[in-house]
1. Restricting to Cα pairs below 8 Å that are 6+ residues apart, what does the relative contact order work out to for the chain? Please round to a whole percent.
2. If you line up the Cα atoms of the stretch 1-146 on their principal axes, what length do they span on each, largest first, in Å?
3. Which semi-axes, in whole Å and largest first, does the equivalent ellipsoid of the stretch 7-367 have when worked out from the alpha carbon gyration tensor as the square roots of 5 times its eigenvalues?
4. With every protein chain left in place, what is the accessible area per residue of the chain in square angstrom, probe 1.4 Å?
5. Say the dipole of the chain comes from +1 at the beta carbon of Lys and Arg and -1 at that of Asp and Glu; which of 31, 146, 317 then lies farthest toward its positive end?
6. Which of the residue pairs 3/72; 3/236; 3/343; 117/236 have a Cα-Cα distance greater than 25 Å in the structure shown?
7. 222 nm [θ] for the chain, helices only, -39500 (n - 2.57) per DSSP H run of 4+, per residue, to 500?
8. Between residue 233 and residue 212, 0.36 nm times their residue separation minus their Cα-Cα distance comes to what?
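The values are calculated or read from the model by the stated rules, or taken from the named source; none is laboratory data. These figures come from a predicted structure and were not determined experimentally. Cβ coordinates were reconstructed from backbone atoms using ideal geometry, including for glycine residues, and neighbour counts include every protein chain displayed. Side chains included, ligands, DNA and RNA excluded: accessible areas come from the protein's heavy atoms. Shrake-Rupley method; radii C 1.70, N 1.55, O 1.52, S 1.80 Å.
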Amino acid sequence: MSKPTIVDVHTHVYPPRYVSILKSRRTVPYVRDTVPGQPSRLIILPGEDSPSSQTTAAGRPIGPEYYDINAKIAFMDTHGIDISVISLANPWLDFLDPHEAPSIARSLNEDLNNICKTYPSRLFAFGALPLSAATDALVDEIDRLPSFAHMRGVIMGTGGLGNGLDDPSLDPVYRALEATQMTIFLHPHYGLPKEVFGPRAAEYGHVLPLALGFPLETTVAVSRMILSGVFDRFPKLTVLLAHSGGTLPFLAGRLESCIMHDAHYRPEGRRGVWDVLRTNIMLDAVVYSELGVRAAAAASGADRVMFGTDHPFFPPLENENAQGESADGKKSEKWLSVTTNYKAIHDAFGEDKAQAEAVLGGNAVRLLRLTL
Ligand code: URA
Ligand code: ZN
């Protein structure tokens, strides 16, 4: 029996050009060179470099796994991943000066496509948009994307042009994405206001912002898209939600019910939340539990859920590595964050191997058209 194709749809890179930009900066987001001989540190999350920060809160070490595509391929080989759809990691181009953003976006999208060409059958990409620039520049960049053989969409945060993803000014962007069949990979970065996590938040490292802030940010962003009628106006627009849609699979019923019971919100021709979930939305399976994978599959359909790793984030902590053997027989380190997601998929589908295989790769190949 041939091995099923495994596709990672949630896996990030910072191409060298982007690392240079971060190294030239002194405020978040930036890369800080620390003590000679020690790895540089990547400081990207809001408030991460405040003086009260503890160890994990002062960024994370950044090594080749963040910017060297050969390290990505080695990681893929270690974990049996055949194809990766790489995307720029947060905070993308959100912080750039509006005048420089369009040309940097052009260069970075070319970089991403060229990186894919170095392993043509193994890499595809979600590009980046110059969201601080004028909508015309965004539309121009989207219109260029189909000319890149490896490009299948764009990764976007929740800020949009500054007013979120329910901003009507984004309509030309959504229209262009729909017309070019480019999927939005919607990914969090900004989390929740820090007051939500209270005065002891720093004691808990990154746990609250990453485990809860990120998924709730995504949930609110996509709910605002639904409520503002984005999917009514652009019924063929497709959105891949990071982290299995945050809490949307669990809360979709409540969202729909609140809509049905709100006398002040009666939009014409509204499509239901479940319809959007099963038609426009795709969910990654980066949720680390059988329960989460089952919820994602129940909400959007098992034919719309796709394996991911979030590499290079969540590496094993020292001395806590699972060990495995790579294809060439060399001992290599398997990441707990990845093996947990593999196990969650296998446990969620049990004897139904065909569904597990679809989530592991078949869905991504079909939905994202991963052939050249
Ligand atoms: N932390 C981040 O900043 N980004 C990710 O994608 C995952 C963890
Ligand atoms: Zn991610």
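1. Numbers: 679 pairs, mean separation 64.5, N = 372.
The normalised contact order for the chain reaches 17 percent.
2. Reported extents, whole Å, longest axis first: 56, 41, 22.
3. Working: eigenvalues 169, 125, 99 Å².
For the stretch 7-367, the semi-axes come out at 29, 25, 22 Å.
4. On the way: 16590 Å² over 372 residues.
I get 45 Å² per residue for the chain.
5. In the chain, that residue is 146.
6. Details: 3/72 21 Å; 3/236 33 Å; 3/343 17 Å; 117/236 29 Å.
Checking Cα-Cα distances, 3/236; 117/236 exceed 25 Å.
7. Working: 14 runs with 133 residues, N = 372.
Value at 222 nm, helices only: -10500 deg cm²/dmol.
8. Numbers: separation 21, 0.36 × 21 = 7.56 nm, distance 3.06 nm.
Gain on stretching residue 233 to residue 212: 4.5 nm.
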